[in-house]
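Nothing in this text is a laboratory measurement; each read-out follows from the coordinates by a stated rule. Note that the structure is predicted; figures quoted are calculated from it, not measured.
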Amino acid sequence: PWIHDELEKGRQMSYALKLFVAGHTPNSVRAIRNVKKLLDNDLHGLCSLEIVDVLRNPQRALDYEILATPTLIRTLPPPPRRVVGDLSERGKVFRGLELAPG
């Protein structure tokens, strides 16, 4: 799985996100691009991101009760929050996940 670079650098993260996608479909690629843009432009090192391909890791999809992809889940801090879709509407993503830009 892909982990955002800030995690590698050992910075303190405020949020942990998991993005569940199904292969390399146009929706999956668009969702990945949109989330990376949010991380780079708005969250400025406040967030870790793990990308999970449910076709390769179906058990992870079951563990997180993923019914549709792409789904973005904020796992930390609790309680978890989730947003489904291509994640193109920045405001909806921030409201749905209860994120505060950096």
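Is the shape of segment 24-78 rounded, prolate or oblate, going by the alpha carbon gyration tensor and its root eigenvalues a ≥ b ≥ c, with a/c under 1.5 for rounded and a/b larger than b/c for prolate?
Details: a/c = 2.52, a/b = 1.34, b/c = 1.89.
In terms of gyration-tensor shape, oblate.
How high is the relative contact order of the chain, in percent, counting Cα pairs under 8 Å that sit 6 or more residues apart?
Relative contact order for the chain comes out at 36 percent.
Helix-only mean residue ellipticity at 222 nm, the chain, DSSP H runs n ≥ 4 weighted -39,500 (n - 2.57), per residue, nearest 500. What is it? Please list the in-between numbers first.
Numbers: 4 runs with 31 residues, N = 102.
Mean residue ellipticity at 222 nm (helix-derived): -8000 deg cm²/dmol.
Under a 5 Å amide H to amide H cut-off, with H placed in plane at 1.01 Å, what residues pair with Val52 once short-range neighbours are removed?
Leu19, Phe20, Val21
Taking amide hydrogens as modeled 1.01 Å from N in the peptide plane, which residues meet the under 5 Å criterion relative to Leu76, leaving out close sequence neighbours?
Ala16
Match the structure shown to one of the listed values (1) -0.46; (2) -0.40; (3) -0.34 of log10 I(q)/I(0) by the Debye sum over Cα atoms at q = 0.12 Å⁻¹, computed from it, and give that label.
(3)
May I ask for the angle, rounded to the nearest 10°, between helix 26-38 and the longest principal axis of the chain, with both axes built from Cα atoms and the value confined to 0 to 90°?
Rounded to the nearest ten degrees, it is 10.
If I stretch the segment between Glu89 and His44 completely, what's the gain in nm (0.36 nm per residue apart, minus their alpha carbon distance), one decimal?
Roughly 14.4 nm would be gained on extension.
For segment 84-91, just list the computed ³J(HN,Hα) in residue order, Karplus coefficients 6.51, -1.76 and 1.60, θ = phi - 60°, integers in Hz, with x standing in for Gly and Pro.
With the stated coefficients, segment 84-91 comes to 10, x, 7, 6, 7, 9, 3, x Hz.
Quick one: what are the phi-derived ³J(HN,Hα) couplings along segment 16-22, Karplus 6.51/-1.76/1.60 with θ = phi - 60°, whole Hz, x for glycine and proline?
10, 10, 10, 10, 9, 10, 10
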